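Here the structure is laid out as structure tokens; the discussion comes afterwards.
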Amino acid sequence: MASEYTTSEYIKHHLTNASMCSTDNGIAFNKACADAGFWTWHIDTLAWSIGLGLLVMWFFRSVAKKANSGIPTKTQAFVELVVDFVNDNVVSTYHGRSKLIAPLALTIFVWVLVMNLMDLVPVDVLPSIAGLIGQHGFGMDPHDVYMKAVPTTDLNLTFALAIGVFGLIIYYSIKMKGIGGFMKELTMQPFGHPLFIPVNFILETVTLLARPLSLALRLFGNLYASELIFILIATLGIWQLPLHFPWAVFHILVLPLQAFIFMMLTIVYLSLASEDH
Amino acid sequence: MNINATLIGQLIAFAVFVGFCMKFVWPPLLEAIEKRQKDIADGLAKSERGQKELELAQEKATEQLKEAKAQAAEIIEQAKKRASQIVDEETQRGHDEREKIIAQGHSEIDAERNRVKEELRKQVAVLAVAGAEKILAREIDAAAQSDIVEKLVAEL
């Protein structure tokens, strides 16, 4: 923890995204973007998530290109382990035939997992490096250089994933049941009487919207909270040493679990959307 | 903490990654896995079949071996029997041959002796006559000696 911060400043600094926006004076960063409204870009979230995504996709693609059905290399065996794990979950949950669901589940699982794993990088490392680069490379005040390196602690990312899944839920509902069937599902359940159509519609819409909302908020909430605890532990001075370790060990469980839950719920929601009740 | 344009960027990135995974990552990997699973299943089935065939072949081989042993024993038995038969036959034949040769020898000896006897008898007769003539020349009393001569002749 840098000594010139107060504790609350330190925490706030670590939980602020590096942002970019275009203003009347050209492209502006961070505090200059405070009132840019919607058209602000969190460049750290974007860079880390896309960078990690590219890394993972490159890794999987490089293995997939050389994949053979004989004796696999150790790398291929590892990748196949992940693919097989995802495939087992998809096959046991989703009973329709779809070329999209399994790759979607794999992408969500590995991508969310590597983004979550950024949580295990010590909290000061990346902000400090970014601060030094900002200070010496661009002559900025290091207090104004932000770097939130865990993309899944950004609501924008978790909502982007959830909205993508939501779009697919709508798409599969309409594709499998037709617009009429989808509308009927929204209005004629759980009470099958025309009088109850408004009540049914409200209930079912809430159910439908709760899915992406819960997906996004669960992932965000878990990761944001764990990152916050890491930062709080980092403010404890010497006592942080024994505390960081168990918290990090605990997250070896939590981080893959959150990625798995996101993947599993995606499969379940899409399977619900594809089936007639 | 607020929702902003990052959401759009992330949505695009998400779509691109899913599309990439669907096109270039998932199919070859799953294909390799499924092909290997099939290969392993085939291999197991084959090895099981091979095991069964091996057992069958072993059984057959044991049976054939037993049969061959029995046959060999029978052949040996037959050969022994035949050998003793041949020995017996040969012994019998040798015996017969010997008997025949001995009999032949006997008869030849008999014939020779008879011939020699005859010859001798003739020569003795001549000799006797010649002796008789000489005796007669010395002693006229041939009648007195004729019984001696007769006796001699009879002895031969």
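Straight-line reach from residue A:148: which lysines fall under 22 Å, measuring Cα to Cα and dropping same-chain residues less than 8 apart?
The qualifying lysines are A:12, A:31.
Would you mind counting up the charge near residue A:47? Only other residues with Cβ under 15 Å from its Cβ, with Lys and Arg at +1 and Asp and Glu at -1.
-1
Cut-off 10 angstrom, C-alpha nodes, Gaussian network model of chain B. Which of B:42, B:96, B:88 fluctuates the most?
B:42
Ignoring the sites themselves, what is the longest stretch of chain A with no trypsin sites (Lys or Arg not before Pro) in a DSSP loop and at most 16 other beta-carbon atoms within 10 Å?
Looking at chain A, A:100-277 is the longest stretch - no exposed trypsin sites (Lys or Arg not before Pro) with at most 16 other Cβ atoms within 10 Å.
Which log10 I(q)/I(0) values does segment B:7-118 give at q = 0.12, 0.14, 0.18, 0.21 Å⁻¹ under the Debye formula, counting every alpha carbon as one identical point scatterer?
One equal scatterer on each Cα of segment B:7-118 leads to -0.83, -0.90, -1.02, -1.10.
Relative contact order for chain A: what percent, with Cα pairs under 8 Å and sequence separation of 6 or more?
Details: 284 pairs, mean separation 69.8, N = 277.
Taking the mean separation of contacting Cα pairs over the length of chain A, I get 25 percent.
For segment B:7-118, compute the number of Lys pairs whose alpha carbons are separated by less than 17 Å, excluding pairs fewer than 8 positions apart on the same chain. Mind showing how you got there, number by number?
On the way: B:35/B:46; B:38/B:46; B:52/B:60; B:60/B:69; B:69/B:80.
Taking the Cα cut-off of 17 Å, the pair count is 5.
In the protein assembly as shown, carbon and sulfur make up what percent of the accessible area (probe 1.4 Å)? Let's see the in-between values first.
Values: 17520 of 26650 Å².
Of the solvent-accessible surface of the protein assembly as shown, carbon and sulfur hold 66 percent.
Sorted by mean Cβ packing within 10 Å, highest first, what order do the peptides B:32-38, A:151-157, A:21-27 take?
A:151-157, B:32-38, A:21-27
Considering every residue in A:62-71, what mean count of other chain Cβ atoms within 10 Å of its Cβ is obtained? Please list the in-between numbers first.
On the way: counts 1, 4, 10, 3, 2, 10, 4, 10, 4, 1.
Average neighbour count from other chains, rounded to a whole number: 5.
Which sequence of A:262, A:138, A:38 reflects their accessible areas, 1.4 Å probe, from the largest down?
A:138, A:38, A:262
How much area per residue is accessible in the protein assembly as shown when the probe is 1.4 Å and only protein heavy atoms are counted (Å²)?
Per-residue value: 62 Å².
Considering every residue in B:28-40, what mean count of other chain Cβ atoms within 10 Å of its Cβ is obtained?
For peptide B:28-40, the averaged partner shielding equals 6.
For segment A:35-80 and segment A:217-255, what is the centre-to-centre distance using only Cα atoms, to the nearest Å?
25
Based on DSSP loop calls and a cut-off of at most 14 other Cβ atoms within 10 Å, the longest stretch of chain A free of exposed GluC sites (Glu not before Pro) is what?
It runs A:5-274.
Sequence-distant or interchain residues sharing an amide H contact under 5 Å with residue A:28, placed H: which?
Amide H to amide H, under 5 Å and 5 or more residues apart or across chains, residue A:28 pairs with A:21, A:22, A:23.
How big, on average over all directions, is the shadow cast by the Cα convex hull of segment A:126-277, in nm²?
12.8
What Kirkwood hydrodynamic radius do you get for the protein assembly as shown when you take the inverse of the mean 1/r over all pairs of distinct Cα atoms, in Å?
Working: mean 1/r = 0.0320 Å⁻¹.
Taking every pair of different Cα atoms in the protein assembly as shown, averaging 1/r and inverting gives 31.2 Å.
So which aspartates and glutamates pass the test for residue B:122, namely a Cα distance under 19 Å, with those fewer than 8 places away in the same chain ruled out?
List returned: B:110, B:112, B:133, B:147, B:150, B:155.
Using a Cα-Cα cut-off of under 21 Å, which lysines could be cross-linked to residue A:184, ignoring same-chain neighbours fewer than 8 residues away?
Straight-line reach from residue A:184, under 21 Å: A:175.
Can you give me the solvent accessible area of residue A:57 with a 1.4 Å probe, rounded to the nearest 10 Å²?
Near enough 10 Å² of accessible area.
The values are calculated or read from the model by the stated rules, or taken from the named source; none is laboratory data. The shown structure was predicted, so the numbers you read here are calculated from the model rather than taken from an experiment. No Cβ is skipped: glycine too gets one built from the backbone with ideal geometry, and neighbour counts run over all protein chains shown. In case anyone asks, the SASA skips ligands and DNA or RNA and just uses the protein heavy atoms, side chains included. Shrake-Rupley method; radii C 1.70, N 1.55, O 1.52, S 1.80 Å.
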